Amino acid sequence: MQNYSKILAAVDFSEQSARIIDRARQLARQNDARLTVLHVVDYLPPVDVDAILPPIEDVQSQLEEAASARLHDLLRALPHDGLVERVVSGLPRQEILRLAEKEGIELIVLGSHGRRGLGRLLGSTTDGVLHRASCDVLVVR
């Protein structure tokens, strides 16, 4: 088995998130690796309703702040050593792959959707990361 020095765990705050982080932490400890835990806030496309809604940048910023607080709370409840918390906005598959490439990540850990049937085995984000990542990918059921 390859030794990993940089591991990325991508979570979506589903019930699987704690399991994904736990598995990534185990691997980080075994490999003496740096662990980054990432949540991607889905990008909100701009809309042209200035009089009705606050500017989209404000909404996106508020969503990122709420996600950061939620990620921090999730990680506080789990024992961890020296992991990095990241929250970004964008399309989840693209942002996971972008961060992995930028940071030189060697292993991405993320969850499946656990739906039944072969065609639904992996969600579109997981499937996209699995087939486009330049590094190893571990899918946690």
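Residues in the stretch 91-109 that are touching a strand residue (DSSP E or B) at 6+ places or on another chain (Cβ under 6 Å) and modelled with pLDDT under 95: Pro92 alone. Restricting the stretch 78-90 to residues that are modelled with pLDDT of 90 or more and not basic (Lys, Arg), the residue that is surrounded by the most Cβ atoms within 10 Å (Cβ to Cβ) is Val87. When the criteria are applied in full, Ala66 meets the requirement of being at pLDDT 90 or above and either in contact with a Phe, Trp or Tyr (Cβ under 7 Å, 6 or more places away or on another chain) or more than 16 Å from Ile7 (Cα to Cα) (or both).
For the stretch 1-36, filtered to residues that are assigned to a strand (DSSP E or B) and within 13 Å of Pro92 (Cα to Cα), the residue that is farthest from the chain's Cα centre (by Cα) is Ala9.
The values are calculated or read from the model by the stated rules, or taken from the named source; none is laboratory data. The structure presented is a predicted model; accordingly, all values stated were derived computationally and were not measured. Ideal geometry is used to build each Cβ from the backbone, glycine not excepted, and the neighbour counts take in all protein chains shown.
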